[in-house]
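So the structure is just underneath, and the comments pick up after that.
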Amino acid sequence: MNKSSMVDSNRGALSVMACDSGKPFAQRIIQELNNITQQEKLGITHHLKYTEDVYFPNGEIKVVIHENIRGDDIYIVQAMDDPLSDKSVNDNLMALLTAVHAAYQSDADHITVVLPQFPYSRQERRKTREAISAKLIAGMLELAGAQRVITLDIHAEAIQGFFNFAKLEDLHASGVFVDYLQNIMRIDPLNLVVTSPDVGSVERARRYSKVLGAELAVVDKARDYTKVSVIESMRLVGDVTNKDVLLVDDMISTGGTMINAMKLLRKNGAKKITILASLPFFTGNCIEKFDKAYHEGLMDLVIGTDAVFHGRKFVEHTPWYKEVSVAPLFAHVIYNINMKRSVSELLK
Ligand code: R5P
């Protein structure tokens, strides 16, 4: 199929497959890959490889690949948190591991895992007698046969070091977010303060404030690590009086961190509050909490990415939510890897 790409890149044919929860995002990547190959006049049309997630009555999972992938440069897409199904993160993780191993057993030349939501990324260091689970995930992916992992705004950069031989490519949603803020929302940087809801995201917020030319403030959040999702205290460092605020984080899970930060910001005189989150998981009753916050005037907008797929209905009918797509970014990175072109150029 892919003669010209093989001649140009000296790498196997670019092919994409996905486990069930990764299929919506994989389809968007395919669409973008086809736009790229059309622009480059390669005469190639990509399609999603035919695979099947098989569930056994006892809960065991396997992924079966129904097409030949021998010699391919294969990209395996999976979402860990799939709001549209009742599959757990652990189900999706196990499906991914079996898919990677199936690709290895099927003699793919290069195996890249496309994993925008890196699982267990918040367990990257030990707080008490517990596992460093993110390291375990890195090891399991390598054991299955992954040679490269492409992810999005990974929670802790230290995770890069957890891989022994596979390469981790950490992409950033900031490019699409900044484009949306500047060209669609037309934000006024002089009236804007960028804020992180905890010190873990200060670096992220600092980068946005620099690129946008806006001031920076920080919410200092202390957690009680003996309990799940319990926040001990919060205080604001910086001035947001009469300013619009951009609240930036890698993920929204239960929404507790954001809601508390927004209350603090409002108390301190913030006007319009916009949230940016690369991974809007909206776990548990988070959507109800945000609905309430929106209708009570606590916040104005959440901008998330399609790395977490909430479905068209949610995206089109939720007044406080705007989805931007990172699929073109992933497609360009995949394409450049296959063509042995620079990836860092795309990450600037
Ligand atoms: C924590 O360090 C993360 O960056 C997020 O702030 C956190 O995971 C969000 O969790 P939740 O929405 O449950 O408060």
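So which of K41/K167; K87/K271; K23/K167; K313/K340; K62/K127; K87/K135 end up more than 28 Å apart by C-alpha?
In this structure, K41/K167; K87/K271; K313/K340; K62/K127 exceed 28 Å between Cα atoms.
Work out how much length T241 to K292 would gain on full extension: take 0.36 nm times their residue separation and subtract the Cα-Cα distance, in nm to one decimal.
16.0 nm
In the chain, if the dipole is taken from +1 on Lys/Arg beta carbons and -1 on Asp/Glu beta carbons about the Cα centre, which of G145, N336, Q105 is farthest to the positive end?
Farthest towards the positive end: N336.
Taking the 0 to 90 degree range and rounding to the nearest ten, how far is the long axis of helix 327-338 tilted relative to the main principal axis of the chain, both from C-alpha atoms?
In the chain, helix 327-338 runs at an angle near 40 degrees to the longest axis.
Whole angstrom only: what separates the Cα centroid of the range 299-313 from the Cα centroid of the range 140-201?
16
Protein chains only, probe 1.4 Å: how do D188, D72, D81 rank by accessible area, largest first?
Solvent-accessible surface, decreasing: D188, D81, D72.
Taking the Cα centre as origin and putting +1 on Lys and Arg beta-carbons and -1 on Asp and Glu beta-carbons, what dipole magnitude results for the range 95-232, to the nearest 20 debye?
With only Lys, Arg, Asp and Glu charged at Cβ, the dipole is about 360 debye.
List the lysines whose Cα sits under 23 Å from the Cα of K267, skipping any in the same chain fewer than 8 residues away.
Counting by Cα, and skipping residues close in sequence, K267 has these lysines nearby: K221, K243, K289, K292.
Quick check: pseudo-label points 7 Å beyond the Cα along Cα→Cβ at N58 and R341, how many nm apart are they?
4.9
Would you kindly derive the ³J(HN,Hα) couplings of the range 18-24 from the backbone phi angles with the Karplus curve 6.51 cos²θ - 1.76 cosθ + 1.60 (θ = phi - 60°), listing them in order in whole Hz, with x for Gly and Pro?
My calculation for the range 18-24 gives 8, 7, 3, 5, x, 5, x Hz in order.
Indicate the gyration tensor shape class of the chain (rounded, prolate or oblate), computed on the Cα atoms with a ≥ b ≥ c the square roots of the eigenvalues: a/c under 1.5 is rounded; otherwise a/b larger than b/c is prolate and the rest oblate.
prolate
Suppose every Lys and Arg Cβ carries +1 and every Asp and Glu Cβ carries -1, with no other charges. What dipole size does the chain come out with about its Cα centre, to the nearest 20 debye?
Taking the Cα centre of the chain as origin, the dipole is about 720 debye.
Whenever you get a sec, line up R204, R125, R28 from highest to lowest accessible area (probe 1.4 Å, protein heavy atoms).
Of R204, R125, R28, the descending order of accessible area is R125, R28, R204.
Calculate I(q)/I(0) for the range 50-121 by the Debye formula, one identical point scatterer on each C-alpha and no solvent, and give its log10 at q = 0.15, 0.19, 0.23 Å⁻¹ to two decimals.
Listed by q, the Debye log ratios stand at -0.50, -0.78, -1.07.
Accessible area, 1.4 Å probe, largest first: how do E32, E40 sort?
Sorted descending by solvent-accessible area, the residues read E40, E32.
Using the Karplus curve 6.51 cos²θ - 1.76 cosθ + 1.60 with θ = phi - 60°, work out ³J(HN,Hα) for each residue of the range 149-165 in order, rounded to whole Hz, and write x for Gly and Pro.
10, 10, 10, 10, 6, 4, 4, 9, 5, 4, 4, 3, x, 7, 8, 8, 9
What percentages make up the Cα-Cα pair-distance distribution of the range 138-295 when the bins are 5 Å wide from 0?
In whole percents, the pair-distance histogram is 2, 8, 16, 19, 19, 15, 10, 6, 3, 1, 0.
Between the range 37-80 and the range 100-139, what is the C-alpha centre distance in whole Å?
Cα centroid of the range 37-80 versus Cα centroid of the range 100-139: 19 Å apart.
When the scattering of the range 229-309 is computed by the Debye formula from its Cα atoms alone, each counted once and equally, what is log10 I(q)/I(0) at q = 0.19, 0.20 Å⁻¹?
Reported log10 I(q)/I(0), two decimals: -0.81, -0.90.
Under a 5 Å amide H to amide H cut-off, with H placed in plane at 1.01 Å, what residues pair with L247 once short-range neighbours are removed?
For L247, whose amide H was placed from the backbone, the distant partners under 5 Å are T195, T274, I275, L276.
Can you list, largest first and rounded to whole Å, the semi-axes you get for the range 113-179 by taking the square root of 5 times each eigenvalue of its Cα gyration tensor?
Rounded to whole Å, the semi-axes are 21, 16, 8.
When ranked by the protection proxy of mean other Cβ atoms within 10 Å per residue, highest first, what sequence do the peptides 99-105, 212-218 form?
Put in order of decreasing packing, that is 99-105, 212-218.
Quick one: length gained pulling R129 to R207 fully straight, 0.36 nm per residue minus the C-alpha distance?
Extending this stretch completely gives an extra 24.6 nm.
Return the long-range amide H neighbours of V114 (sequence gap of 5 or more, or a different chain), with a cut-off of under 5 Å between placed amide H atoms.
I76, V77, Q78, I150
The values are calculated or read from the model by the stated rules, or taken from the named source; none is laboratory data. Here the structure is a predicted model, which means the values were calculated and not measured. Note: ideal-geometry Cβ built from the backbone for every residue, glycine included; neighbour counts use all protein chains shown. What goes into the accessible areas is simple: the full protein's heavy atoms, side chains included, and nothing from ligands, DNA or RNA. Shrake-Rupley method; radii C 1.70, N 1.55, O 1.52, S 1.80 Å.
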